[in-house]
Amino acid sequence: MTKKLKTFVAFIALGAAAMPAAFAQTPAVNWVCSPSSLQGIVSCLSSFQNLLDTIFWVIAIIFVFYAAFLYLTAAGSDDQLVKAKKTLIYAIVAMVVAILATSIRSFLTSVL
């Protein structure tokens, strides 16, 4: 196996190991949806969004670890350092967007 493939497999394994911990932090998801009423549809969409949020955060944290790994293994290579910085910046921007999206949803729910 090449070094990049080993690294990729290691990050996938890390993500798989972190997935149960991430799901343990979220409330139980009720997948029995009853779209017979508006409240049932809203409940189903909220459960689905919570699941997507959890998956997103696990992937975002994996990308932060990946950027750190690239930075630590750059060994003075400017290309690797640039790639690590870009990966870290994109991961942080994605996290900020996710925080804003969640806060806007909470704000609109409280206002409406």
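The values are calculated or read from the model by the stated rules, or taken from the named source; none is laboratory data. Every value quoted in this text rests on a predicted model; they were computed, and no experiment measured them. Here the Cβ is made from the backbone with ideal geometry for all residues, glycine too, and neighbour counts use every protein chain on show.
Exactly one condition in (1) surrounded by 12 or more Cβ atoms within 10 Å (Cβ to Cβ); (2) closer than 19 Å to Thr7 by Cα; (3) of a type outside the set (Val, Ile, Thr) is false for Trp57; which is it?
So Trp57 meets the others, but not (2).
Is it fair to say Val111 is over 18 Å from Lys4 (Cβ atoms) and under 21 Å from the mean Cα position of the chain (by Cα)?
no
Only one of these is out of contact with any Lys or Arg (no Cβ under 8 Å at 6 or more places or on another chain), surrounded by 13 or more Cβ atoms within 10 Å (Cβ to Cβ), modelled with pLDDT under 65 and aromatic (Phe, Trp, Tyr): Phe8, Phe23. Name it.
Exactly one of Phe8, Phe23 is out of contact with any Lys or Arg (no Cβ under 8 Å at 6 or more places or on another chain), surrounded by 13 or more Cβ atoms within 10 Å (Cβ to Cβ), modelled with pLDDT under 65 and aromatic (Phe, Trp, Tyr), namely Phe23.
Would you check if there is a residue in the range 72-82 being out of contact with any strand residue (DSSP E or B) (no Cβ under 9 Å at 6 or more places or on another chain), free of Cβ contacts under 8 Å to residues at least 24 places away in the same chain and charged (D, E, K, R)?
Yes.
If Phe65 satisfies all but one of (1) modelled with pLDDT under 75; (2) part of a helix (DSSP H, G or I), what's the number of the condition it fails?
(1)
List, please: which pairs have Cβ atoms under 7 Å, are six or more places apart or on different chains, and start with a residue in the range 97-112 that is under 16 Å from Val42 (Cα atoms) and end with one that is assigned to a helix (DSSP H, G or I)?
Partner pairs satisfying both residue conditions: Thr102/Asp53.
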